[in-house]
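First the structure, in the form of C-alpha cells, and then the observations on it.
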Amino acid sequence: MNMLETILSRKSVRHYKQEKIDWGIIADILKFANDLPMLIDGIAVEYKLVSNIETKQGFYGPLSLNAPYYICISSEEKENYLVNAGYLMQQISLYINSKGLGTCFIDTATPGKSLKSTMKYKYVTAIAFGKTSKPLFRNMIEAKRLPESDVVVYKEGVSPDIQKMLTAARYAPSHMNSQPWRFVAYKNRIHIFCKKNAFLKSVLKNSKMIDMGIMLANLLLTAEELWIDVSFTKSVALKQKQFPNHEYFITLNIG
Ligand SMILES: Cc1cc2nc3c(=O)[nH]c(=O)nc-3n(C[C@H](O)[C@H](O)[C@H](O)COP(=O)(O)O)c2cc1C
C-alpha cells in the first residue's frame, strides 16, 4: 500500500488487545518520531511513550478506549505549536499503522498530573495504539467525510495530482470528525481556510489547530509521494478580509 492509499483507507481503532508489542517495534516508532522534521522550525517537542501493559503509568482513558500504549507529544508553546504537533502526530500515526498496529488520536483521556509533570514541555495530544483484531483499513467510501462540494471550491481546473492532494487532505482524521478545513483551489495554489468555532471554547480552538496540522501532514505527504514541489505563503489580502464563517489559514503554492 502506498502513502496515499494508506491515508485514504486508515481508520481509528478503539478496541485493543492488552498485549505487549516487541521492544524493537516501539524503538522504531520512537526513532521515527524523533527523526521527523518540524513543520515550523524552532519549536522543540518531546515524545513520551506510555505503556499501560504491566503497570498503569497514569494515562487514564474512558473504558471504551482502553489502549495498552499511548504516545504523547509535549511542545514549546510558540506560535502555531498546535499545528506543528498535529502535523508530527499524523505522520507517527500512519507509521504505527504501517507496523500493523491500530491507532486513535485521543483527547477524552489525558495523562495524569504526575505523568504530565515528567514532560519537558506543555502536553498537547496523544495517540492510543496497540495490537488489535479489528481492521486497520477500510474502503475509502466507508469513511464519513463531508462531500467534496462542501469543502472545496474550484476556481480553475486542477491537475489530477492536485485533486489527489485535496482528497488526501479531506480524509484526515479530526476531533469529533469536525473537518474544520476548507479549500479554494487554483491550478497553481490552494488557499486553505478554517471554519470558525460556533463556541469560543479554547478546548475546541486547540483541537481545531491540531486538526489543521493533521490535514497538512496528509497534504504534504501526498505532494511528496507525487513529486510535487510545494511551499507556503500567507496572503496579506486574504488575512485582512473578513469571512462570516471561516478564517484564512495559509496558501499552499504548487510547483
Ligand atoms: C485531535 C483528535 C482527538 C480525538 N480524540 C478522540 C477521542 O478522545 N476518542 C475517540 O474515540 N476518538 C477520538 N478522535 C478520533 C476521531 O473521532 C476520528 O478521527 C474521526 O471520527 C474520523 O474517523 P476516522 O479516524 O476513523 O477516519 C480524535 C481525533 C483527533 C484528530
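The values are calculated or read from the model by the stated rules, or taken from the named source; none is laboratory data. Just so we're clear, the structure is a prediction, and the values are computed from it rather than from any experiment. When we count neighbours, we look across all protein chains shown, and the Cβ atoms used for this are built from the backbone with ideal geometry, even at glycine.
Structure summary
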{"read-out": "Any hit, segment 11-26, residues being buried (at least 21 other Cβ atoms within 10 Å of the Cβ) and part of a strand (DSSP E or B)", "value": "no"}
{"read-out": "Pair list, Cβ < 6 Å and 6+ apart or interchain, from segment 165-191 residues that are in the same structural domain as M215 (by TED's automatic domain parsing) to residues that are part of a helix (DSSP H, G or I) and β-branched (V, I, T)", "value": "M165/T222; A168/I7; A168/T222; R170/V151; A172/I214; R182/V151"}
{"read-out": "Residue ID - farthest from the chain's Cα centre (by Cα), chosen from residues in segment 135-156 that are surrounded by 15 or more Cβ atoms within 10 Å (Cβ to Cβ) and away from the ligand (no atom under 16 Å from the Cβ)", "value": "Y154"}
{"read-out": "Test: residue in segment 47-68 that is β-branched (V, I, T) and within 16 Å of the chain's Cα centre (by Cα)", "value": "no"}
{"read-out": "Residue tally, condition closer than 20 Å to L221 by Cα, of a type outside the set (D, E, K, R) and not in a loop (DSSP other than H, G, I, E, B), over segment 155-185", "value": "12"}
{"read-out": "Segments classed as strands (runs of 3 or more DSSP E), wholly inside segment 54-154, with at least 3 members that are farther than 18 Å from I7 by Cα", "value": "69-75, 122-130, 152-154"}
{"read-out": "Members of segment 1-37 that are of a type outside the set (V, I, T), in contact with a helix residue (DSSP H, G or I) (Cβ under 7 Å, 6 or more places away or on another chain) and either within 16 Å of the ligand (Cβ to nearest atom) or modelled with pLDDT under 95 (or both)", "value": "N2, M3, L4, L8, S9, R10"}
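A quick yes/no check of all residues on (1) surrounded by 12 or more Cβ atoms within 10 Å (Cβ to Cβ); (2) in contact with a strand residue (DSSP E or B) (Cβ under 9 Å, 6 or more places away or on another chain):
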| site | (1), (2) |
| --- | --- |
| S133 | no, no |
| V158 | yes, yes |
| D161 | yes, yes |
| M165 | yes, yes |
| A168 | yes, no |
